[in-house]
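Peer 1: Here you go, one structure.
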Amino acid sequence: MEPQEIDWRKFEAIIDKHRVETWALIPLLQDIQETFGYIPEESIETIAEALNLFPSQVQGVISFYAGLSMKPKGKYVIRVCRGTACHVKGGRSILRFVKKELGLDEGETSSDYQFTLETVACLGACFLAPVMMVNRTYFGKLSPPKLTNILAEYGKEKGEDKNG
Amino acid sequence: MNRLLSIEELEWYRNKILAQQDEGKICLHVCMTGCRAYGAADLRSALEAEVKKQGLSGQVEVRSTGCHGICAKAPVMYIDPLGVQYQEVSPEDATEIIDLTLKKNQLIDHLAYKDALTGNPIYYRNQIPFYKKQVKRVLGNCGKIDPTNMEHYIAAGGYQAIVKALSRMTPDQVIDEVTAAKLRGRGGAGFPTGIKWGFARQAAGKPKYIICNADEGDPGAFMDRAVLEGDPHAVLEGMLIGAYAIGAEHGHIYVREEYPIAIEHLKIALEQMKELGLLGENILGSGLNFDISLKMGAGAFVCGEETALMASIEGKRGMPRARPPFPAQAGLNGKPTNINNVETWANVPLIIKNGMEWYTQVGTEKSKGTKIFSLAGKVNNTGLVEVPIGVTIRDVIFDIGDGIPKGRRFKAVQMGGPSGGCVPAQYLNLPIDYDTLQRIGSIMGSGGMVVMDENNCMVEMARFFLSFTQSESCGKCAPCRLGTTQLLEILTRITQGRGRIEDIQTIRDLGETIISTSLCGLGQTAPKPALSTLNFFLEEYEDHILEHRCAGAVCDSMVISACQHACPAGIDVPNYVAAIAADKYEKSVEIIRERNPFPAVCGRICIHPCELKCRRGELDEPVAIRSLKRFASDWYFDHIGKPKEPFPVTKTQKVAVVGAGPTGLTCAYFLAKMGYKVTVFESQSVAGGMLGIAIPEFRLPRKVIQEEVAYIESCGVEIRYNSPIDAQHTVNDLLEEGYHSVFIGAGAQASKRINIPGEEEGLAGLHYGLQFLTDIRSGKEIQLKGKVVVLGGGNVAIDVARTALRVGAQDVQIFYRRTKEEMPAWEKDIEEAIEEGIVINPLWAPKQIIHNGGTITGIEFMRSMTVFDEEGHSSLSVNEKVTQMVEAETIIISIGQAPDISFLSKDSQLERALWGSLAVDENTLATNIPSVFAGGDFTTGPSIVINAIASGRRAALAIDKYLKGEKGRVEIVDEKTAMKEDIGLALDEETTEEKPRIKIQLEKPEERVRDFREVEKGFSKEEAHREALRCLRCDLEEK
C-alpha cells in the first residue's frame, strides 16, 4: 500500500475555507493533516502565501506540534499511551510487546503504510489503564493476548514478517 | 428552533420543555463518554433494540449520558427513577435487564457492585460506598442528561444563572459574588478567580477576551474531559457569565485534539447556543455581544500554560513568554484576556444561580466548594470523584477508591501530575487543600491522583515524569531545556545501575536552580517529582546507587526477575521452580543452597517476599514459591539427606561464629564453602536459635531443623554446644585464641517488659512469650487451665496463643493495642489462629495486672488507637476512662524482643547502638573492631528468617574480603545460577484456560489443636508439578 496521492483540488478547497479566518494557520494545518494524513513538504510555500506568512513560520509551527507531521502515516495509527496511570499499570511492557509484534519503533511507519506506531502522553482514559488508540478507537485494560487479537483484527498476522 | 430574543422567551421555552417531560417514563442512563472505550456503544444499541423489540419505546427511554464516575466498572448504566446502577454490562445482558429489572422489578446480581468485605451485591447507587463521601455539584448533570441535547440542560436549570446575572446583577456584583464564594482556580495554581476577573475588568483595552483552558495535558487527569463530554453547556454558560462580568466580546475554548468526543460535544453545544441566540449579538436582548470559537490543540503539553496557549491560538509556536504583563493586562492580541480552567468555569453558574452562601457551605476556610479528582493507578475503584475540598487523602483512596488491589501496601500517591509531588503514607490523613499540599512539596494540581503500591519504584517514577517534561519542554529557556535533559540523564543512569552517590546532591542543586530560573510553569515545576521522591524515599535512591537494589523490583538493569530481586537472599527462584517442573528435585535444592542453606525451614516459615512481587500475581495469583521450596527440600531429606563430602579446607585462616541460629550457621556454611575452617559457639545444647526456641512445633517440626543443622555440620562446620560466649569466655578471648575473625549472630532473645502496675516478677500465672515458648519446646511440663490472656500482635504473640491452646488452655484471647490490620503478625498465621478458636481483641492497651496473694486474677485494659497528626507522625493515644476488666488465670506478655548484649563484657570496645544492640556498617557488617563482624537479629532486632540468612551470607562475603586484605564494598547483585533449567513453563503453554494457584491443604482446626502436629500439609508430586508450570519465567524475557 502506498500513501494516498494528494488531491490538489481538495487541498485548494481547504486553503480557501480557512483563508479568511483570523489566526488560521493551525486550524488550516490540522485540516490538511486530518484529510491527507500528513502535510506535504511541497505545500508549505502555498500555505505561507495564502496566509501572508513566511514559509519558515509555517515550517516552524509544523515542527513544533507533535500532532502535525510532514511524513505520511500509515492507514492505522497506533498510539500507545505512556501516561502516568498507564505507566503505573505496566504500560511499558505493552509498548514493548506492540513494538515487537509490529517490528516498528516509535514514530516509524511500516513499509506497506499499514501501521504507524506512536506514543502519546495521556489519552485521558486512565481508569482503563493500560490504554492505546488505533485511529479514533480506544482499547483499554490491555494484555498481550488482547493485543494479539486487536492487531490481528487490523490485518496483522501473528509472527508474520512485517516489513517484508 | 427560533432565536430567543429575550429572557422571557427563554423562560417560556424552559416551561414548555418542563411541561413536555414525561414523569412516568423509565430512563436508562448509559454512559457514552468514557465507557465508549469499553463497549458502551454496542450496549446502547442492544438496549435500544431490545426496548423496541418488546414494544416499550413509549415507556422506556435509552439515553446516552456522560460519566457516572465509577469508571473502573465500565460500561456503567443507571436506571431512573428506580435508582439501580448496573456495572460491567455487556450487550448480551440487555434482554435480562428489560425482562427482569424493568418488567418484574427483579434485580440482577452479577451486574451489581459487590461489597468488598462480604461480596454481597449492592444494587442502589446511593448505597454504593464509592458515592457516599462524594458531593456532586459540578458533576451534578453528568450521567443524567444527554450532553448533546440542550433541552435536558435547560430542563435541569441550565441558563438560569446567566438570566439572573443579566437581569438582576451588575457585572461588578457578579465579580463580587464569585470572589465571596472563594472559588480558586481549578487548573491547579488556585488563584482566586473573582480577583482575576476583577483585574481583567479594570484593565484598559478592547476587545477583551475570555479563554477556557481545556488542554488537560497532565497524564493521569481526565476530569475536564468528563465535564466537557458530559455537560458542556455548564462550561459555556460559565464563560457567558464571565464575558458579562468582565466585558469581553470574544471567547475561545482551547481543547486538546486527543479528546475527539469532547470536541464533538462542544461543537454541537456551540451550534445549539448560536441557534438559540445565546451566542452572537444582543444575547437575550440584553445588549451583550459574545461569541465563542473552538480551537484544537496540536499535541503540545506546554500549550496548557496560559501564555503558550495564547500563542497557539494566534497560530504561532506554543512558546511561553515572561509575565508581567499578565494576560489580564495584555493577553490575546495584546488585549485584556481572562483565562480559566474548564472546572473553574463550570463552577460559575452554580455560584450565581445558588448564591455564595450555598456555595460556601462546603470546603475549607480559604478554599470553598468541591474539587473533582481523577483516581487512577493502583486503586480498586478508578474513576472520577467529586469531594468537598478538605476531605482527607485516605477518604478518597481507601473509602471512595476502596483501597489497593490484591491487598498490596500503599506506597505513595502522585498529586498534580508532572508538576506535583508524591504524597507518602504518613500523610494519608492530610486534608486535601491547596495550601496543605504545597507545604509537603506537592500541589493540588488539576486533580489527577495516581496511586502507587509497593511494586512501583519511586526512582523510576521520577525518571518517568522527567522524560515527559523533558520531551514537552518547548526549548525556549536554557534552565528548562538543558536542566530537564540533565536531570533525566542522571535519573536514567540511576535506574540503569550507573548512579553515583554525588548524583543525589546534584539532583537537589539542579532541581532548585531549574525551579527558580525557568521562564514558565513547566520548567518551574518539572523537578518537583524528583525532589519530592528524593525527599521521602531517599533510601530507594541510595539503594539503587550503592546496592543496585530496586525496592519495587522494576528497574530492568538490576532486576532479572522480580521474585529473585525481592528475596533478601537473592535466590534464583525461576530456575529452581523450573527444576521442580522438570522433576529434578535435587538440582532444585542445590540451586537454593547457592544462597540459602535452610531450604526446608524457609519452605515452611518464610513470609515469601518473592510471592508478593510475583508477576503471575498480576494475572491471577502468585506462584506458590514457598510451598514448592518445601516440596523439593522434603524430597531431598527423604531421599538423600547428607552431602557427599564436606567442603575442602583450602585456607589457613579460621573463623569463630557466635550463635548457631540461622544467621550464624549461614555465615559458617558459606565460609566453609569458601574453604575456611569455621567453629560455631552455641550456648544452648541444640542449634537453631529462634527456630528451635520460639517457633512452635506445629509450624516448624524440630526434626526439620535437626536435618538442616546436620547437613550443615556434614559440610564441615564444627558446632560446639553448651559453649556460651560470655564474661568467662569473651570475644576478645576468641581473638587471642587465634581466630582470625569473629562473627556475632547471637539473635534477639530477651523479652521486653511492658512496665505497668502489677507486672511483678515471680507472679504465678505471669509468663513472657519467648520464655514460655522456649520452656514448652524444651520439654518442660506446663499445663495451663482456664482463661489465658495474651498481650501483643506479632508472630510471637500468635505462636504463644496457639501453643497455649495446645497445652490445656480452655479459652485464649489476644489483646492488641492497635487494629487487627495493624498487627505485624503474618496474616496467614492470624487466620489459622482464628480458625482454631482464638479471639483477637483490637484497640485495648493493658493498664494494670490484678493479682491476689501472688497469683494472677485478671487484667484491666483501656481503650487505645493509633492517631496521626497533620505532619503525619503517628502515636498511640489511650483513653483511661474507657476500661474493661478481664478475668484470667494466665497472662502471657509477648510485646516484642530485644537482643541480650549482657554477654559482652562491660569494657568491650564494641560500640553499642541506641536501643541496646551493636552498631555495624550496613554494607560490610563490620563493627568498630577490625575482624569482628555482627549481623542478623542481633543487630537489626527481631526480623524474618530470610533476612537473617541474607545477613549471614553477607557477613561471610565481608569476612572473606577482610581476610584477603581486600578493601571496598560487598557487592551483592542478582545472578543467574550456572545450573540453569531453560524451560519456558507457562510461557510454553498454548492454552488460555484458567490455572488458579493450587491451595495448600491444612489439618482440620478442631483436630490440630489437640496436639502439636504440623498444621500445613505439603504438596504432592503432581500438585508441585502443576504449580511449577504456572511460573511465567520472567527471567527469560528479553529486556
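The values are calculated or read from the model by the stated rules, or taken from the named source; none is laboratory data. Predicted, not measured: the structure shown is a model, and the values here were computed from it. No Cβ is skipped: glycine too gets one built from the backbone with ideal geometry, and neighbour counts run over all protein chains shown.
Peer 1: Quick check on segment B:638-665: of everything there that is β-branched (Val, Ile, Thr) and part of a loop (DSSP other than H, G, I, E, B), which residue is farthest from B:PRO574 (Cα to Cα)?
Peer 2: The first filter runs over segment B:638-665 and keeps only residues β-branched (Val, Ile, Thr), leaving B:640, B:649-650, B:652, B:655, B:657-658, B:663.
Add one more test, that the residue is part of a loop (DSSP other than H, G, I, E, B), and what stays is B:640, B:649-650, B:652.
Details: B:ILE640: 23, B:VAL649: 32, B:THR650: 32, B:THR652: 37 Å.
Filtering first and then ranking leaves B:THR652.
Peer 1: Any residue at all in segment B:970-979 that is touching a helix residue (DSSP H, G or I) at 6+ places or on another chain (Cβ under 6 Å) and surrounded by fewer than 18 Cβ atoms within 10 Å (Cβ to Cβ)?
Peer 2: So the first thing to find is which residues in segment B:970-979 are touching a helix residue (DSSP H, G or I) at 6+ places or on another chain (Cβ under 6 Å), and the list is B:970, B:974, B:977, B:979.
In the following step, the residues that additionally are surrounded by fewer than 18 Cβ atoms within 10 Å (Cβ to Cβ) were identified as B:979.
For segment B:970-979, residues touching a helix residue (DSSP H, G or I) at 6+ places or on another chain (Cβ under 6 Å) and surrounded by fewer than 18 Cβ atoms within 10 Å (Cβ to Cβ): present.
Peer 1: Would you mind finding the one in B:ALA41, B:ALA72 that is in contact with a Gly (Cβ under 8 Å, 6 or more places away or on another chain), within 13 Å of chain A (Cβ to nearest Cβ) and either under 26 Å from B:GLY220 (Cα atoms) or modelled with pLDDT of 95 or more (or both)?
Peer 2: B:ALA72 is the lone residue from the list that is in contact with a Gly (Cβ under 8 Å, 6 or more places away or on another chain), within 13 Å of chain A (Cβ to nearest Cβ) and either under 26 Å from B:GLY220 (Cα atoms) or modelled with pLDDT of 95 or more (or both).
Peer 1: Right, here's the next one. So which residues in segment B:837-880 are at pLDDT 90 or above and of a type in the set (D, E, K, R), if there are any at all?
Peer 2: B:LYS847, B:GLU860, B:ARG863
This table checks each residue for (1) under 21 Å from B:PRO260 (Cα atoms); (2) under 45 Å from the mean Cα position of the chain (by Cα).
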position: B:LYS25; (1), (2): no, yes
position: B:ALA37; (1), (2): yes, yes
position: B:LYS53; (1), (2): no, no
position: B:GLN59; (1), (2): no, no
position: B:ARG63; (1), (2): yes, yes
position: B:ILE70; (1), (2): no, yes
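Peer 1: B:ASN333: more than 30 Å from B:GLU11 (Cβ to Cβ) and among the polar types (S, T, N, Q), yes or no?
Peer 2: Yes.
Peer 1: Working only within segment B:471-491, note down all residues that are buried (at least 17 other Cβ atoms within 10 Å of the Cβ) and not charged (D, E, K, R).
Peer 2: Once the filter is applied, which keeps residues that are buried (at least 17 other Cβ atoms within 10 Å of the Cβ) and not charged (D, E, K, R), segment B:471-491 yields B:SER473, B:CYS474, B:CYS477, B:PRO479, B:CYS480, B:GLY483, B:THR484, B:LEU487, B:LEU488, B:ILE490, B:LEU491.
Peer 1: So, one more: Filter segment B:156-170 down to the residues that are in contact with a helix residue (DSSP H, G or I) (Cβ under 7 Å, 6 or more places away or on another chain) and either surrounded by 17 or more Cβ atoms within 10 Å (Cβ to Cβ) or among the charged types (D, E, K, R) (or both) and list them by number.
Peer 2: Answer for segment B:156-170, where residues must be in contact with a helix residue (DSSP H, G or I) (Cβ under 7 Å, 6 or more places away or on another chain) and either surrounded by 17 or more Cβ atoms within 10 Å (Cβ to Cβ) or among the charged types (D, E, K, R) (or both): B:GLY158, B:TYR159, B:GLN160, B:ALA161, B:ILE162, B:VAL163, B:LYS164, B:ALA165, B:LEU166.
Peer 1: Next up: Do the conditions hold for A:ALA48, that is, is it facing another protein chain (nearest Cβ under 10 Å) and not β-branched (Val, Ile, Thr)? Full working, then the answer.
Peer 2: Details: facing another protein chain (nearest Cβ under 10 Å): no; not β-branched (Val, Ile, Thr): yes.
No, not satisfied.
Peer 1: Hey, which of the strands (runs of 3 or more DSSP E) in segment B:36-106, taking only ones fully inside, have at least 3 residues that are loosely packed, with under 15 Cβ neighbours inside 10 Å and touching a Pro at 6+ places or on another chain (Cβ under 7 Å)?
Peer 2: Where strands (runs of 3 or more DSSP E) fall fully within segment B:36-106, none carries at least 3 residues being loosely packed, with under 15 Cβ neighbours inside 10 Å and touching a Pro at 6+ places or on another chain (Cβ under 7 Å).
Peer 1: Which of the helices (runs of 4 or more DSSP H) found entirely inside segment B:185-296 contain at least 1 residues meeting this: away from chain A (no Cβ under 14 Å), at pLDDT 95 or above and closer than 29 Å to B:ALA155 by Cα?
Peer 2: So the answer is B:193-202, B:232-246, B:260-276.
Peer 1: Can you pull out the residues in segment B:717-735 that are surrounded by 19 or more Cβ atoms within 10 Å (Cβ to Cβ), at pLDDT below 95 and part of a loop (DSSP other than H, G, I, E, B)?
Peer 2: Filtering segment B:717-735 for residues surrounded by 19 or more Cβ atoms within 10 Å (Cβ to Cβ) gives B:717, B:719, B:725, B:731, B:734.
Remaining after also requiring at pLDDT below 95: B:725, B:731, B:734.
Matches in segment B:717-735: B:ILE725 only.
Peer 1: Continuing with the same structure: Limited to segment B:582-637, what total is found for residues that are in contact (Cβ under 8 Å) with a residue 60 or more places away in the chain, over 18 Å from B:ALA950 (Cβ atoms) and not in a helix (DSSP H, G or I)?
Peer 2: 9
Peer 1: Cβ-Cβ distance below 6 Å, separation of 6 or more or different chains: which pairs start in segment B:417-438 with a residue that is within 14 Å of chain A (Cβ to nearest Cβ) and end on one that is in a helix (DSSP H, G or I)?
Peer 2: Taking only residues 6 or more apart or on different chains, the pairs are B:PRO418/B:PHE465; B:PRO418/B:PHE468; B:PRO418/B:THR469; B:SER419/B:THR525; B:GLY421/B:LYS528; B:GLY421/B:SER532; B:CYS422/B:SER532; B:CYS422/B:THR533.
Peer 1: From B:ILE263, B:ILE268, grab the single residue that is without any contact (Cβ under 8 Å) to a residue 60 or more places away in the chain, surrounded by fewer than 23 Cβ atoms within 10 Å (Cβ to Cβ) and under 42 Å from the mean Cα position of the chain (by Cα).
Peer 2: The match here is B:ILE263.
Peer 1: From the list B:GLY692, B:GLY688, pick out the single residue that is outside any loop (DSSP other than H, G, I, E, B) and in contact (Cβ under 8 Å) with a residue 12 or more places away in the chain.
Peer 2: Details: B:GLY688 fails: outside any loop (DSSP other than H, G, I, E, B).
Result: B:GLY692 is the single residue among B:GLY692, B:GLY688 that is outside any loop (DSSP other than H, G, I, E, B) and in contact (Cβ under 8 Å) with a residue 12 or more places away in the chain.
Peer 1: So which pairs qualify, if the first residue must be in segment B:98-115 and without any contact (Cβ under 8 Å) to a residue 60 or more places away in the chain, the second must be exposed (fewer than 14 other Cβ atoms within 10 Å of the Cβ) and not hydrophobic (A, V, I, L, M, F, W, C), the Cβ gap must be under 6 Å, and the two must be at least 6 apart or on different chains?
Peer 2: So the pair list comes out as B:LEU100/B:GLN106.
Peer 1: Now for a separate question. Here are some residues: A:PHE36, A:PHE97. Which one is closer than 21 Å to A:ARG19 by Cα, modelled with pLDDT under 90 and surrounded by fewer than 21 Cβ atoms within 10 Å (Cβ to Cβ)?
Peer 2: A:PHE36
Peer 1: Considering segment B:442-456 alone, what residues qualify as being among the hydrophobic types (A, V, I, L, M, F, W, C), surrounded by 24 or more Cβ atoms within 10 Å (Cβ to Cβ) and more than 9 Å from chain A (Cβ to nearest Cβ)?
Peer 2: Of everything in segment B:442-456, those that are among the hydrophobic types (A, V, I, L, M, F, W, C), surrounded by 24 or more Cβ atoms within 10 Å (Cβ to Cβ) and more than 9 Å from chain A (Cβ to nearest Cβ) turn out to be B:MET444, B:MET449.
Peer 1: A further question on this structure: Hey, any hits in segment B:758-769 for a residue that's surrounded by 15 or more Cβ atoms within 10 Å (Cβ to Cβ) and within 29 Å of B:PHE637 (Cα to Cα)? Break it down stepwise before answering.
Peer 2: Here is the first cut: in segment B:758-769, the residues surrounded by 15 or more Cβ atoms within 10 Å (Cβ to Cβ) are B:758-759, B:763, B:765-769.
The next check asks that each one be within 29 Å of B:PHE637 (Cα to Cα); those that pass are none.
No, segment B:758-769 contains no residue that is surrounded by 15 or more Cβ atoms within 10 Å (Cβ to Cβ) and within 29 Å of B:PHE637 (Cα to Cα).
Peer 1: Right, next: Could you check how many residues of segment A:1-38 are within 11 Å of chain B (Cβ to nearest Cβ) and touching a residue at least 12 places away in the same chain (Cβ under 8 Å)? First the steps, then the outcome.
Peer 2: We begin by selecting, within segment A:1-38, every residue within 11 Å of chain B (Cβ to nearest Cβ); these are A:18, A:21-31, A:33-34.
Next cut, touching a residue at least 12 places away in the same chain (Cβ under 8 Å) only: A:18, A:24-26, A:28-31, A:33.
Qualifying residue count, segment A:1-38: 9.
Peer 1: Determine the pairs where a residue that is under 25 Å from B:ASN795 (Cα atoms), located within segment B:871-895, has a partner that is part of a strand (DSSP E or B) and of a type in the set (Lys, Arg) with Cβ atoms under 6 Å apart, the partner being 6 or more residues away or on another chain.
Peer 2: B:ALA888/B:LYS787; B:GLU889/B:LYS787
Peer 1: So, one more: Examine segment B:673-692 for a residue that is surrounded by fewer than 21 Cβ atoms within 10 Å (Cβ to Cβ), modelled with pLDDT of 95 or more and of a type in the set (Gly, Ala, Ser), and state whether such a residue exists.
Peer 2: Yes, that holds for at least one residue.
Peer 1: Quick one: which strands (runs of 3 or more DSSP E) lie wholly within segment A:99-157 and hold at least 2 residues that are away from chain B (no Cβ under 14 Å) and within 16 Å of the chain's Cα centre (by Cα)? Talk me through it step by step, then tell me what you get.
Peer 2: Values: elements: A:115-120, A:132-134, A:137-139.
Because the criterion is at least 2 residues that are away from chain B (no Cβ under 14 Å) and within 16 Å of the chain's Cα centre (by Cα), the strands (runs of 3 or more DSSP E) in segment A:99-157 that meet it are A:115-120.
Peer 1: Considering only residues that are of a type in the set (S, T, N, Q) and in a helix (DSSP H, G or I), which ones fall in segment B:1-21?
Peer 2: Hits for segment B:1-21 are B:ASN15, B:GLN20.
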